[in-house]
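K.L.:
A single structure is presented below for examination.
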Amino acid sequence: MQWIKQLIGLLCLLIISSQLLYATPFIPKDDQQILETLPSDSPPARYLSSDDFSSSKNTNDPEQTSQLLERAYLQGDPRALGQARAQLDQTTDQSIETLMLRARALQSDHKFSEAKELLKQILSKDTANPDALLTLSSLLVVQGQFEEAMGYCKKLNDSSLSIYRAACEAQIQSMTGQITQAKQTLNNLASIAPQLDASTARWIYLIQADAALRSQDTSLADEVFSVMDAQTVPALMARADWLLSNEEYQEVIQLLKAHTDKDALLLRLIAAQIKLRDPKSKQNLALMEERIEVWRIRQENAHMREQATYAMLANQVNSALKLARDNWQQQRETADIEIYTKAAIQAGSQQDIEVIRQFIKDTQFEYPALERDLRLGKISDCLNCPTSGTQTSSKDKPL
């Protein structure tokens, strides 16, 4: 079942890849400038010269590419992600295994339509391919297309895939008005998770953590975080989100203060620092602004959620709303609906609030605290607080 281990690693990457955006590298001014000191456990350089690169253009090692994607996911290592993409760019191999990896790379670039087309191409050749079925379902979940996503879960008919089908269905059920039933299923899966491979267990725990956050289930959160790993980026993100939702800001700072090189974690750190009026929030806001400027120079559009979150933290309400609205056209996960709701309420945009309400009505998306905020027109965990020391510019005054 080695293939399923690799698949679950890629599924986890899909679930959080839109949140797991990496620190943008510094642009050097001369060839001798040191950009970064690599971690001691970094993989050896693949190419020592241009000749090495040229001679390897036609080689293909899907296992190595999969390992690089896993490293990028677990450690937030952009070098590994870049190497994986480069390997895929160099090969002309059209095997299903390589097509699956190409689909993952497309998704990481937020090219969702192209990724779905590739996955459906795989399924046209092999209608029961479990990799494609699970990955396509997860991609549809990211986009809030829950009914279609469930359809692909149910196509996992092989008895050997019962665990994966159950987790696939429970993730969707937890978001669409069946959270109590989903929690029971996930609890049953979690009870056997220690006997499963680490990637599958991590997938189950992350689904549980999201359900705990949306339902504010302290018992479930305590249970999940007692068994989930404590240092991978996805685990840190899940823990920080839970702590922020419960106003445990000092704990967030302790958890993330050594992880400012990861954009998604840096933004969570800034949110906690602002709540505690920590002067370091200004320094970190400036750091985040520098990274966003590089994205703009590169014309990258795969960071809209992070840009919207930054804009809220920096009191740029109109910018936050536009970015959150644009991001909503691509992604509709828990973090996406949160930032869109916060921006819409803060800007007083009834039109956007109605868009969110309609989504909740149509899908039965289950998030009681967020629904309460929409009804009351307030933000329970205000990111846009005057304690940041920043001022709203004239162009960013509420609508």
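The values are calculated or read from the model by the stated rules, or taken from the named source; none is laboratory data. This structure is a prediction, so every number in the text was calculated from the model and none was measured. All Cβ positions, glycine included, derive from the backbone under ideal geometry; neighbour counts span all protein chains shown.
K.L.:
Among (1) surrounded by 22 or more Cβ atoms within 10 Å (Cβ to Cβ); (2) over 18 Å from the mean Cα position of the chain (by Cα); (3) in contact (Cβ under 8 Å) with a residue 60 or more places away in the chain; (4) more than 27 Å from Glu366 (Cβ to Cβ), where does Val294 come up short?
P.N.:
(1)
K.L.:
Here's something else I'd like to know. Being closer than 29 Å to Ile207 by Cβ and in a loop (DSSP other than H, G, I, E, B) is the requirement here; does Gln307 meet it? Even if it seems obvious, please write down each step before you answer.
P.N.:
Numbers: closer than 29 Å to Ile207 by Cβ: yes; in a loop (DSSP other than H, G, I, E, B): no.
No; evaluated as a whole, the condition is false for this residue.
K.L.:
Is there any pair with a first residue in the stretch 247-258 that is within 20 Å of Thr218 (Cα to Cα) and a second that is of a type in the set (A, V, I, L, M, F, W, C) and outside any helix (DSSP H, G or I) whose Cβ atoms are under 6 Å apart and which are 6 or more apart or on different chains, and what are they?
P.N.:
Qualifying pairs under 6 Å: Tyr249/Leu276.
K.L.:
Testing Lys378 on (1) part of a helix (DSSP H, G or I); (2) under 23 Å from Leu243 (Cβ atoms), one condition comes back false. Which one is that?
P.N.:
Of everything listed in (1) part of a helix (DSSP H, G or I); (2) under 23 Å from Leu243 (Cβ atoms), Lys378 misses just condition (1).
K.L.:
Tally the residues that are of a type outside the set (Phe, Trp, Tyr), buried (at least 20 other Cβ atoms within 10 Å of the Cβ) and out of contact with any Phe, Trp or Tyr (no Cβ under 8 Å at 6 or more places or on another chain), restricting the search to the stretch 156-167. Please lay out each step first, then the result.
P.N.:
Let us first name the residues in the stretch 156-167 that are of a type outside the set (Phe, Trp, Tyr), namely 156-163, 165-167.
With buried (at least 20 other Cβ atoms within 10 Å of the Cβ) added as a condition, the list becomes 156, 165, 167.
From what's left, out of contact with any Phe, Trp or Tyr (no Cβ under 8 Å at 6 or more places or on another chain): 165.
So the answer is 1.
K.L.:
Any residue at all in the stretch 307-315 that is in contact with a strand residue (DSSP E or B) (Cβ under 9 Å, 6 or more places away or on another chain) and modelled with pLDDT of 90 or more?
P.N.:
Initially, the stretch 307-315 is screened for residues in contact with a strand residue (DSSP E or B) (Cβ under 9 Å, 6 or more places away or on another chain), giving none.
No, every residue in the stretch 307-315 fails to be in contact with a strand residue (DSSP E or B) (Cβ under 9 Å, 6 or more places away or on another chain) and modelled with pLDDT of 90 or more.
Residue-by-condition table, conditions (1) touching a His at 6+ places or on another chain (Cβ under 7 Å); (2) surrounded by 14 or more Cβ atoms within 10 Å (Cβ to Cβ); (3) modelled with pLDDT under 50; (4) within 23 Å of Thr176 (Cα to Cα):
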position: Asp362; (1), (2), (3), (4): no, no, no, yes
position: Tyr367; (1), (2), (3), (4): no, yes, no, yes
position: Asp373; (1), (2), (3), (4): no, yes, no, yes
position: Ile379; (1), (2), (3), (4): no, yes, no, yes
position: Cys382; (1), (2), (3), (4): no, yes, yes, no
position: Cys385; (1), (2), (3), (4): no, yes, yes, no
position: Thr390; (1), (2), (3), (4): no, yes, yes, no
position: Lys397; (1), (2), (3), (4): no, no, yes, no
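K.L.:
Here is a further query. Tell me which of these Asn327 doesn't satisfy, since it passes every other one: (1) assigned to a loop (DSSP other than H, G, I, E, B); (2) free of Cβ contacts under 8 Å to residues at least 24 places away in the same chain.
P.N.:
In the conditions (1) assigned to a loop (DSSP other than H, G, I, E, B); (2) free of Cβ contacts under 8 Å to residues at least 24 places away in the same chain, Asn327 misses (1) alone.
K.L.:
Looking at (1) out of contact with any Gly (no Cβ under 9 Å at 6 or more places or on another chain); (2) more than 18 Å from Asp210 (Cβ to Cβ), can you tell me which one Asp261 breaks?
P.N.:
If we test Asp261 against (1) out of contact with any Gly (no Cβ under 9 Å at 6 or more places or on another chain); (2) more than 18 Å from Asp210 (Cβ to Cβ), just (1) comes out false.
K.L.:
In the stretch 112-140, what count of residues is obtained for those that are within 15 Å of Leu161 (Cβ to Cβ), out of contact with any helix residue (DSSP H, G or I) (no Cβ under 7 Å at 6 or more places or on another chain) and hydroxyl-bearing (Ser, Thr, Tyr)?
P.N.:
The number of residues fulfilling the criteria is 1.
K.L.:
Scan the stretch 98-111 and tell me whether some residue there is out of contact with any helix residue (DSSP H, G or I) (no Cβ under 9 Å at 6 or more places or on another chain) and not basic (Lys, Arg).
P.N.:
No; the residues of the stretch 98-111 include none that is out of contact with any helix residue (DSSP H, G or I) (no Cβ under 9 Å at 6 or more places or on another chain) and not basic (Lys, Arg).
K.L.:
Could you grab me the full set of residues in the stretch 99-147 that are among the small types (Gly, Ala, Ser) and either crowded, with 16+ Cβ neighbours inside 10 Å or assigned to a helix (DSSP H, G or I) (or both)?
P.N.:
Step one: list which residues in the stretch 99-147 are among the small types (Gly, Ala, Ser), which gives 103, 105, 108, 113, 115, 124, 128, 132, 137-138, 144.
Matches in the stretch 99-147: Ala103, Ala105, Ser108, Ser113, Ala115, Ser124, Ala132, Ser137, Ser138, Gly144.
K.L.:
Now a separate question. Condition first: over 26 Å from Gln216 (Cα atoms) and assigned to a helix (DSSP H, G or I). Now tell me which residues in the stretch 312-324 satisfy that.
P.N.:
Taking the stretch 312-324 and keeping what is over 26 Å from Gln216 (Cα atoms), we get 314-319, 322-323.
The answer is Val317, Asn318, Ser319, Lys322, Leu323.
The rows are residues; the columns are (1) under 22 Å from Asp222 (Cβ atoms); (2) free of Cβ contacts under 8 Å to residues at least 12 places away in the same chain; (3) among the aliphatic types (A, V, I, L, M).
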| residue | (1), (2), (3) |
| --- | --- |
| Ser162 | no, yes, no |
| Ile172 | no, no, yes |
| Ile179 | yes, no, yes |
| Gln184 | yes, yes, no |
| Leu189 | yes, no, yes |
| Ser199 | no, no, no |
| Gln208 | yes, no, no |
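K.L.:
Assuming Gly82 fulfils every condition listed in (1) in contact (Cβ under 8 Å) with a residue 12 or more places away in the chain; (2) over 28 Å from Ile337 (Cα atoms); (3) small (Gly, Ala, Ser) apart from one, which condition is it?
P.N.:
Answer for Gly82: the failing condition is (1).
K.L.:
Any idea which of (1) of a type in the set (Asp, Glu); (2) out of contact with any Asp or Glu (no Cβ under 9 Å at 6 or more places or on another chain); (3) in contact (Cβ under 8 Å) with a residue 24 or more places away in the chain is the one Glu371 doesn't satisfy?
P.N.:
It is condition (3) that Glu371 fails.
K.L.:
For Met150, only one of the following conditions fails: (1) buried (at least 18 other Cβ atoms within 10 Å of the Cβ); (2) closer than 29 Å to Gln67 by Cβ; (3) more than 16 Å from the chain's Cα centre (by Cα). What is its number?
P.N.:
So the condition that Met150 fails would be (2).
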